[in-house]
Amino acid sequence: MKYLWKSIKILFFILGFVFVVMLVLAFTSAPFYMYYNLGKSPNQNGDLKTPQMVMMFGGAGMPSEDNLMRLYHTTALARHYDVPVLLIHPKDSLCQAEMTRLLHQGGVDKVAYMTSGSNTRSQCMELKETHPQLIDKQLLVVTSPEHIRRTVKSLNKVGFINVVGVAAFPATVDFDLSLKKQKLGGNNAVPSVESVKMRYTFFNYLKLEITCIREYLALGYYRIKGWI
């Protein structure tokens with residue numbers, strides 16, 4: 001019992017330390033750069049002048065923030081390069097139909113599907129098995145920023161060499177979020193929180209930290225397994 005209690009105290013100390021570090025980092029720009037670096041393609045300096053296909057790796061429902069952002073970038077790239085789209089998404093007729101509708105609505109007519117596999121590794125292996133003609137093609141891969149590095153490296157591992165990842169980053173706002181000169185009313189005894197960092201940035205960065213930690217753990221797992 002003594003050793004159990006000591007182990008619990010050590011665990012809580014470690015968790016508390018990690019939480020304090022996360023709080024401190026949320027006041028800095030570190031979470032943004034962690035997230036931004038995850039969204040940089042490992043092959044971004046590769047020679048990919050004219051892609052022959054845009055592949056979108058999806059996994060969320062429809063509508064969802066992740067899939068809508070991926071579809072937005074996929075549509076723009078497919079139209080810009082005038083190439084077909086391959087949707088890589090776990091089998092789900094409702095999602096597939098809705099994603100197809102949005103791509104058609106955006107002006108993309110050539111859409112194919114690969115619905116085998118339920119994680120990045122299995123999808124890459126199934127892609128090699130079912131679409132061997134793509135192995136030496138010039139490919140653009142679209143997915144969420146935090147998944148770009150793992151997705152491109154997983155594709156490289158199974159034999160797809162000419163791959164460049166495009167992160168589906170959301171756009172940033174370009175307007176003033178301060179409360180100055182705004183009539184808000186309410187209880188004047190309670191001061192208004194003027195700091196945009198405290199109202200938005202701090203909590204957004206906390207969420208980014210959790211996203212990045214999860215992805216770094218996934219990258220470590222994939223490396224140990226020999227998948228990347």
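Below, the figures for the structure above:
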{"quantity": "Spatially proximal aspartates and glutamates relative to Lys180 (Cα-Cα < 19 Å; intrachain offsets below 8 disregarded)", "calculated": "Glu194"}
{"quantity": "Unit charges on C-beta of K, R, D, E only; dipole of the chain, Debye", "calculated": "800"}
{"quantity": "Given [x] -0.30, -0.66, -1.38; [y] -0.41, -0.73, -1.35; [z] -0.50, -0.87, -1.29, the label whose value is log10 I(q)/I(0) by the Debye sum over Cα atoms at q = 0.09, 0.13, 0.18 Å⁻¹ derived from this model", "calculated": "[z]"}
{"quantity": "P(r) histogram, all alpha-carbon pairs of the range 54-172 included - 10 Å bins from 0, percent", "calculated": "14, 51, 32, 2"}
{"quantity": "Förster-model FRET efficiency, 25 Å R0, Ala60 and Asn37, C-beta, rounded to 0.05", "calculated": "0.65"}
{"quantity": "Mean Cβ neighbour count within 10 Å, used as a protection proxy, ranking 57-63, 196-202 highest first", "calculated": "57-63, 196-202"}
{"quantity": "Net charge over other residues, Cβ less than 13 angstrom from the Cβ of Ile135 (K, R count +1; D, E count -1)", "calculated": "+1"}
{"quantity": "Residue-normalised accessible area of the chain, given per residue in Å² at a 1.4 Å probe", "calculated": "62"}
{"quantity": "Hydrodynamic radius of the range 10-99 per Kirkwood, over alpha carbon pairs, in Å", "calculated": "16.5"}
{"quantity": "Highest to lowest packing among 161-172, 104-115, scored as the average C-beta count within 10 Å", "calculated": "161-172, 104-115"}
{"quantity": "Eligible aspartates and glutamates near Lys2 by straight Cα distance, threshold 15 Å, same-chain separation 8 or greater", "calculated": "none"}
{"quantity": "Solvent-accessible area, 1.4 Å probe, carbon plus sulfur percent, for the range 19-93", "calculated": "56"}
{"quantity": "Pairs beyond 24 Å (Cα-Cα), from Lys49/Lys157; Lys128/Lys207; Lys137/Lys225; Lys49/Lys225; Lys157/Lys207; Lys40/Lys91", "calculated": "Lys128/Lys207; Lys137/Lys225; Lys49/Lys225; Lys157/Lys207; Lys40/Lys91"}
{"quantity": "Of the trypsin sites (Lys or Arg not before Pro) in the range 1-53, those whose Cβ has at most 14 other Cβ within 10 Å and which sit in DSSP loop", "calculated": "Lys40, Lys49"}
{"quantity": "Kyte-Doolittle at least -0.5, axis length at least 27 Å by Cα - qualifying DSSP helices, the chain", "calculated": "2-25, 202-225"}
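The values are calculated or read from the model by the stated rules, or taken from the named source; none is laboratory data. As the structure is a prediction and not an experimental result, all values here were calculated from the model. For neighbour counting, all protein chains shown are included, and Cβ atoms are generated from backbone atoms with ideal geometry for every residue, glycine included. Quick note on the areas: whole protein, heavy atoms, side chains included, nothing else; ligands and nucleic acids left out. Shrake-Rupley method; radii C 1.70, N 1.55, O 1.52, S 1.80 Å.
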